[in-house]
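Novice: The structure follows.
Laboratory data are not the source of any read-out in this text; all were calculated from the coordinates shown. None of the values given here were measured: they were computed from a predicted structure. Note: ideal-geometry Cβ built from the backbone for every residue, glycine included; neighbour counts use all protein chains shown.
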Amino acid sequence: MWLVGFARAVQLRPIFLTHDALHVRTGVQWSVEIPRDRIASVDFGRVRAPHKRTPGYLRAAPGEPNVLIVLSEPLRAQGSCGLTRDVSRIGLTVDDVPGFRAALR
C-alpha cells in the first residue's frame, strides 16, 4: 500500500516550469523551487551524475537521471517530516527531454 501511495504522490506532484522558476517535486519526499536566474547549467541526455549520497546533490527521481541541473549557488530543498538539505546539483528523470530542453530556453 505504501508503494501505491508513493507512486500516486509522484503523479500528483510533478515537476513544472513557470516563467520565473522550475519547481522540482518528488512526490512528498523533496521539493525545491529553482529561480531561473540561479540555474548555472543544464546537461541533457546521458548525464554524468554524482552518487546519490554526494553532499549537495539531490536525485529527484528513481533511476538514472537524464537531466542534471547545476545551480549558481545552493538552494534549500524541503523534505518530508521537516527535513531540509542544501543542494547545488539536481538530477531529474524527465519523460520528454527535447520538450523539457525547449521549455527551459
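Novice: Taking loop as defined by DSSP and a crowding limit of 12 other beta carbons within 10 Å, which trypsin sites (Lys or Arg not before Pro) in region 13-58 fit?
Specialist: Sites meeting the loop and neighbour criteria: 46, 48, 52, 53.
Novice: A further question follows. From the square roots a ≥ b ≥ c of the eigenvalues of the alpha-carbon gyration tensor of region 21-62, which class results: rounded (a/c under 1.5), prolate (a/b over b/c), or oblate?
Specialist: Because a/c hits 1.5 or more and a/b fails to exceed b/c, region 21-62 counts as oblate.
Novice: Would you mind classifying region 11-97 by shape? Square roots of the alpha carbon gyration tensor eigenvalues, ordered a ≥ b ≥ c; an a/c under 1.5 is rounded, otherwise it is prolate if a/b is larger than b/c and oblate if not.
Specialist: Since a/c stays below 1.5, the shape of region 11-97 is classed as rounded.
Novice: Next question. If you plug each phi of region 72-82 into the Karplus form 6.51 cos²θ - 1.76 cosθ + 1.60 with θ = phi - 60°, what whole-Hz ³J(HN,Hα) values come out, in order, with x for Gly and Pro?
Specialist: Along region 72-82, the couplings run 6, 8, x, 10, 9, 8, 9, x, 6, 6, x Hz.
Novice: Given 0.36 nm per residue, what is the gain on full extension from residue 40 to residue 17 after removing their alpha carbon distance, in nm?
Specialist: Fully extending the segment from residue 40 to residue 17 adds 6.6 nm.
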